[in-house]
Amino acid sequence: MENYKKTEVLGEGTYGKVYKAQDIRTNEIVALKKTLLVNEDEGVPATTLREVSILRALSECPYIVKLSDVLHTASRNGKPVLYLVFEYLEHDLKHYMISKKGRGTGLDKKQAMHFAYQILLGIEHCHSHGVMHRDLKPQNLLVSKDEIIKLADFGLGRSFSIPIGKYTHEVVTLWYRAPEILLGSKCYSTPIDIWSIGCIVAEMVTGRPLFCGESEIEQLLAIFRIMGTPSNETWPNVETLRDWHDFPQWKPTEIYKIIPQLGKDGCDLLTQMLHLDPAKRITASDALQHPFFDEIRSEYVNSFTNKENFPLPVVNKN
């Protein structure tokens, strides 16, 4: 740690603090995520181990935050501490939206389109490498000074394989949590990330969360009021899920009536991202080919290719 000089606290969570710091050797600004190891017998928290292993596997994607080092040291009182050294980005998406447009207003359509495309490039890379993020929300998306958005905080990330196994129910912040998880399904997969991205896209253009519940049941009701109440006909076997109830019957509302800012193509994409039945939800790969992105897709083939250390993936137009 003698190579790093802490300058300010950026945030604090369950497992420790995040600091802004300077690498004394290079003058580079970095983010240090500090994890306290309560005692040596318990070892490193599972969330930290998971985050490190996942980020190492996904390191080549420019839309995923870069982990540059892992340091094991001791605090002033002698307790063991683990530091994860990340590239530093100026804002998370939540604070970026507030600083850019002011509270309660959204981003313009073109910027939201670019951010949505970059988020999908990042999550497509995750999914193609067998990783679910499982906690996508504006606070876990970081924005650089060049307005490049990157996926961060993989503490709840999980590798998966076929066939899909049973996973924990306590994942994804409530407002961005997919209905299959809210209904108690433990067999879920990559569509849960697509649902979260759909919620984020809606929030980017409106400036406010799309579904706001204070409990799981309230969250389900908020979803069903807009997307309609599912049934076994529209979502096979939904009524057999653990937390299914006799919910009020709502018909779906057209997304365009709620978020006209997205336009016809944008609302079509959002509708496919927010399909209640996860089996019918659009994949990240297909979403990248949606007509909504036709006017910007070519920029990701040509525009940034000369930026040092920032190669953009070539997107297949076919």
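The values are calculated or read from the model by the stated rules, or taken from the named source; none is laboratory data. Please read these numbers as outputs of a predicted model, since none were measured by experiment. Cβ placement follows ideal geometry from the backbone for every residue including glycine, while neighbour counts extend to all protein chains displayed.
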request  = Inspect all residues belonging to the stretch 81-89 and state whether any of them is in a helix (DSSP H, G or I) and either at pLDDT 80 or above or of a type in the set (Asp, Glu) (or both).
outcome  = no
query = Here are some conditions: (1) closer than 15 Å to ILE200 by Cβ; (2) in contact (Cβ under 8 Å) with a residue 24 or more places away in the chain. THR105 meets all but one. Which one does it not meet?
reply = (1)
note = Selection from the stretch 229-245 of residues over 16 Å from PRO278 (Cβ atoms) and surrounded by 13 or more Cβ atoms within 10 Å (Cβ to Cβ) yields THR229
Test: ALA31 is at pLDDT 90 or above, more than 19 Å from ASP135 (Cβ to Cβ), among the small types (Gly, Ala, Ser) and not in a loop (DSSP other than H, G, I, E, B) = no
query = Are any of the residues in the stretch 198-206 modelled with pLDDT of 95 or more, crowded, with 19+ Cβ neighbours inside 10 Å and of a type in the set (D, E, K, R)?
reply = yes
message = Consider the stretch 48-62. How many of its residues are over 16 Å from the mean Cα position of the chain (by Cα) and closer than 15 Å to TYR83 by Cβ?
response = 3
message = Would you confirm, using the coordinates I've provided, whether THR271 is closer than 21 Å to ALA287 by Cβ and hydroxyl-bearing (Ser, Thr, Tyr)?
response = yes
remark   = Here the residues within the stretch 229-262 that are in contact (Cβ under 8 Å) with a residue 60 or more places away in the chain and under 13 Å from LEU183 (Cβ atoms) are LEU241, ASP243, TRP244
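Residues checked against (1) of a type outside the set (Ser, Thr, Tyr); (2) in a helix (DSSP H, G or I); (3) in the same structural domain as ARG208 (by TED's automatic domain parsing):
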site: VAL70; (1), (2), (3): yes, no, no
site: MET97; (1), (2), (3): yes, yes, yes
site: LYS100; (1), (2), (3): yes, yes, yes
site: GLY106; (1), (2), (3): yes, no, yes
site: LYS110; (1), (2), (3): yes, yes, yes
site: PHE115; (1), (2), (3): yes, yes, yes
site: GLN118; (1), (2), (3): yes, yes, yes
site: ILE123; (1), (2), (3): yes, yes, yes
site: ARG134; (1), (2), (3): yes, no, yes
task = Return the only residue of LYS110, LYS100 being at pLDDT below 85 and either of a type in the set (A, V, I, L, M, F, W, C) or within 28 Å of CYS267 (Cα to Cα) (or both).
result = LYS100
inquiry  = Show the residue pairs meeting these rules: Cβ distance below 6 Å; 6+ apart or different chains; first residue within the stretch 216-228 and surrounded by fewer than 16 Cβ atoms within 10 Å (Cβ to Cβ); second residue assigned to a helix (DSSP H, G or I) and among the acidic types (Asp, Glu).
reply    = none
query = When you go through (1) outside any helix (DSSP H, G or I); (2) touching an Asp or Glu at 6+ places or on another chain (Cβ under 9 Å); (3) at pLDDT 95 or above one by one for THR229, which number turns out not to apply?
reply = (2)
